[in-house]
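Chemist: Handing you a structure now.
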Amino acid sequence: MASTQQLKSRIRSVKSTKQITKAMQMVAASKMRRAQDATKASAPYERAANELLSYLNSQGVTTYHKWFEERPIKSRMIIVIASDKGLAGAFNANVLKAYVSNLKSDDTDKVANKTIAVGRKASAFVTRIKDTEVVGTYEDLPDHPEGSQFHAILNTAKDAFEAHEVDAVDVIYTKFVSSITQEARVARLFPAGFSEVPVSSFVRDAVYEPSVEAVLDDVAYRLIGSRLFQALLDSRASEHSMRMLAMKNATDNATDLVDDLTLEMNKARQGAITQELAEISGGAEAMK
């Protein structure tokens, strides 16, 4: 059995770790709420874009558009989104497992692939895989990735699809379902797609300037961008959520460990007291 001093030292160490995990849990909870609000805020934009594309599709202008072109997939680009930091439970493991599964599927189907890695964990992982062409790595993206890095990712994918270097572009990310449920998913960016929705009279009767084709280019680009943006937001919300749960579990485990160590220390102290009393009693008996 460990000595009382050793147990006291361990209890202080565990309590110190508990303070850190508790603080990280609170920070992650705050960031998760902000990320969740940002995820919900972008939904109306995507609905409006789907409505406009539904109308343009009814006019036949999307049929031969370069971004909507369906062709046999001989090569595809995968954008895999992970985190820059660890201590987020199974967040990175789940999305990287889905990425490896897609690589194996491409290998079976004789489909060549290129990879764009988002996040330090994804970058470190994809560079260790043999025979994988990495065309870009992006790290330290902000919680609202609307700057040059975001457009660099989107334009790299767009240019590769337009140039027929790849026949499809998919993004592998973690969908934020709820604070306790997150799922690794695959979403297609190119060729562009959209959900058919009812078209309001406001959209149907609008005048499109300078032309319907020019409006389609702009709307399609923004819709594809919003899907990538949504995937990044979902991944960030999922990361914070899973880190919050991981830190909560660590805090709870630290509490249980402190209780167990305190109980062990009390037993050790009681044993020492009992031993001392026995020694005193023995000494007194010996002096009689």
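The values are calculated or read from the model by the stated rules, or taken from the named source; none is laboratory data. Keep in mind that this is a model prediction, so the values were computed, not measured. Note: ideal-geometry Cβ built from the backbone for every residue, glycine included; neighbour counts use all protein chains shown.
Chemist: Can you tell me which residues in the range 58-97 are in contact with a Lys or Arg (Cβ under 8 Å, 6 or more places away or on another chain) and under 23 Å from Asp143 (Cα atoms)?
Modeler: Result: Ile78, Ala82, Ser83, Asp84, Lys85, Gly86, Leu87, Ala88, Gly89, Phe91, Asn92, Leu96.
Chemist: So, one more: Looking at the range 110-140, which of its residues are surrounded by fewer than 16 Cβ atoms within 10 Å (Cβ to Cβ) and on the phi > 0 side of the Ramachandran plot?
Modeler: Answer for the range 110-140, where residues must be surrounded by fewer than 16 Cβ atoms within 10 Å (Cβ to Cβ) and on the phi > 0 side of the Ramachandran plot: Lys110, Asp131, Asp140.
Chemist: So, one more: What pairs come up if the first residue lies in the range 220-249 and is touching a residue at least 12 places away in the same chain (Cβ under 8 Å), the second is surrounded by fewer than 24 Cβ atoms within 10 Å (Cβ to Cβ) and basic (Lys, Arg), and their beta carbons are under 7 Å apart, counting only those six or more places apart or on different chains?
Modeler: Filtered contacts from the range 220-249: Asp234/Lys175; His240/Lys31.
Chemist: Also, I was wondering about something else. Select the strands (runs of 3 or more DSSP E) contained entirely in the range 31-149, then report the ones holding at least 3 residues which are among the hydrophobic types (A, V, I, L, M, F, W, C) and without any contact (Cβ under 8 Å) to a residue 60 or more places away in the chain.
Modeler: 112-118
Chemist: Evaluate the range 241-250: report whether one residue or more is farther than 23 Å from Asp37 by Cβ and either modelled with pLDDT of 80 or more or part of a helix (DSSP H, G or I) (or both). Spell out how you get there, then give the answer.
Modeler: Residues of the range 241-250 that are farther than 23 Å from Asp37 by Cβ, as a first pass: 249-250.
Subsequent filtering for residues that are either modelled with pLDDT of 80 or more or part of a helix (DSSP H, G or I) (or both) retains 249-250.
Yes: one or more hits.
Chemist: Can Arg12 be described as at pLDDT 85 or above, under 30 Å from Ser211 (Cα atoms) and either more than 22 Å from the chain's Cα centre (by Cα) or in a helix (DSSP H, G or I) (or both)?
Modeler: No.
Chemist: From the list Ala28, Ala88, exactly one residue is farther than 30 Å from Glu133 by Cβ and small (Gly, Ala, Ser). Which is it?
Modeler: Ala28
Chemist: Quickly run through the range 166-190 and pick out the residues that are of a type in the set (D, E, K, R) and either part of a strand (DSSP E or B) or touching a His at 6+ places or on another chain (Cβ under 7 Å) (or both).
Modeler: Asp170, Lys175, Glu183, Arg185, Arg188
Chemist: Return the residue satisfying two criteria in turn: it lies in the range 65-109 and is under 12 Å from Arg185 (Cα atoms) and surrounded by fewer than 14 Cβ atoms within 10 Å (Cβ to Cβ), and of such residues it is nearest to the chain's Cα centre (by Cα).
Modeler: Only one residue tops the list, namely Lys97.
Chemist: Say whether the condition of being at negative phi, of a type outside the set (A, V, I, L, M, F, W, C) and either touching a Ser or Thr at 6+ places or on another chain (Cβ under 7 Å) or at pLDDT 85 or above (or both) is met by at least one residue in the range 32-40. Steps first, answer last, please.
Modeler: Going through the range 32-40, the residues at negative phi turn out to be 32-40.
From the residues that got through so far, the ones that are of a type outside the set (A, V, I, L, M, F, W, C) too are 33-34, 36-37, 39-40.
In the following step, the residues that additionally are either touching a Ser or Thr at 6+ places or on another chain (Cβ under 7 Å) or at pLDDT 85 or above (or both) were identified as none.
No, there is no match, as no residue in the range 32-40 is at negative phi, of a type outside the set (A, V, I, L, M, F, W, C) and either touching a Ser or Thr at 6+ places or on another chain (Cβ under 7 Å) or at pLDDT 85 or above (or both).
Chemist: Report whether or not Val27 is free of Cβ contacts under 8 Å to residues at least 40 places away in the same chain and within 30 Å of the chain's Cα centre (by Cα).
Modeler: yes
Chemist: Out of (1) at pLDDT below 85; (2) more than 25 Å from the chain's Cα centre (by Cα), what's the single condition that is false for Asp159?
Modeler: Of (1) at pLDDT below 85; (2) more than 25 Å from the chain's Cα centre (by Cα), only one is false for Asp159: (1).
Chemist: Are any residues in the range 39-60 surrounded by 18 or more Cβ atoms within 10 Å (Cβ to Cβ) and of a type in the set (A, V, I, L, M), and if so, which ones?
Modeler: Within the range 39-60, Ala49, Leu52, Leu53, Leu56 qualify.
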